[in-house]
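Undergrad: The structure that follows is given in the form of structure tokens.
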Amino acid sequence: MKKLNIKLLALPAVLAIALAACSAEQQNQIRRDVLNLANQKHYITVYSIDGNETMRGDVDGKVTRAESGQGQGTGGEYIYWFDPSGKYYQTNMPYIVTTDPNRTGIKK
């Protein structure tokens, strides 16, 4: 019995070490996979600066916020995501992510 308890206690530590050894993109893919397991479909709507809808689509996993120039003081914030077919999107425009497929909760 005690060996089983030690193994169960060691498992989170081993997983944490393994995750720390992954690259940032591998960690993002793991996080997207975890979100997919949660079975929550996400939808994104991107707006222009003047508030007009420019794009709407499905998100595979999650929308990730990043910063260009990673710590070099150049560029700015942007978001990126993948659609279900694996196509990559990136923008610095205003956006809303929802689980509502009709996006009816948004009122202008």
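Undergrad: In this structure, does residue 25 turn out to be at pLDDT 65 or above and surrounded by fewer than 10 Cβ atoms within 10 Å (Cβ to Cβ)?
TA: yes
Undergrad: Something else: Which count do you get for residues in segment 49-107 that are at pLDDT below 90, surrounded by 14 or more Cβ atoms within 10 Å (Cβ to Cβ) and polar (S, T, N, Q)?
TA: Residues in segment 49-107 being at pLDDT below 90, surrounded by 14 or more Cβ atoms within 10 Å (Cβ to Cβ) and polar (S, T, N, Q): 2 in total.
The values are calculated or read from the model by the stated rules, or taken from the named source; none is laboratory data. Note that the structure is predicted; figures quoted are calculated from it, not measured. Virtual Cβ from ideal backbone geometry, glycine too; neighbours counted across all protein chains shown.
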